[in-house]
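Shown next, in structure tokens, is the structure this report addresses.
Read-outs throughout are calculated quantities, based only on the coordinates presented, and are distinct from any laboratory measurement. Predicted, not measured: the structure shown is a model, and the values here were computed from it. In this analysis, Cβ positions are derived from the backbone assuming ideal geometry, glycine residues included, and neighbour counts consider all displayed protein chains.
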Amino acid sequence: MLDNFAVPTSTAGGLRRAMIFGAGALVLVTIVLGGIWFAIAGRSGLWGVLIGSGIGGAFILTTLLLTLVTINSTPEITAAVNLGGWLLKVVVLMVVIYFIRDLDFYHRGALMTTIVGVLVCVLGAETLAIVKSKTPYIGN
């Protein structure tokens, strides 16, 4: 039914805008939480924020990047690439957590609150960008 379905290139504009909004939110959350956690826990808090921002930002923005790369492919290819990317991100996350679990140069509370804060704020910014974008609709 949708074998030759291709997303119009105008849709890419909304996704690019979402990438910009998401990256901006990532920077903003990193700066705000970096200041807060530096005041609370010093350098270990700042390291926790930086690691958490890297993990959370990479997790969310990679999905959007993969969608942009496969935007003119079939929906099946886009879904397969995103699923494969998600599985790869989970494996990388497990490896990173495994290697930093016994280290004490970062604050664990800063790491967790930053990951959650980044995920919520970046996803919210991306959603806002997509909802506010103007995409032409042509009915049957």
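Some notes on this structure:
- Count of the range 93-110 residues which are under 30 Å from residue 12 (Cβ atoms) and without any contact (Cβ under 8 Å) to a residue 12 or more places away in the chain: 0
- Test: residue in the range 117-138 that is part of a helix (DSSP H, G or I), farther than 30 Å from residue 17 by Cβ and among the basic types (Lys, Arg): no
- Hey, residue 89 among the basic types (Lys, Arg) and assigned to a loop (DSSP other than H, G, I, E, B) or not: no
- Selection within the range 51-86 - part of a helix (DSSP H, G or I), surrounded by 14 or more Cβ atoms within 10 Å (Cβ to Cβ) and touching a residue at least 60 places away in the same chain (Cβ under 8 Å): 51, 52, 53, 55, 56, 57, 59, 60, 61, 64
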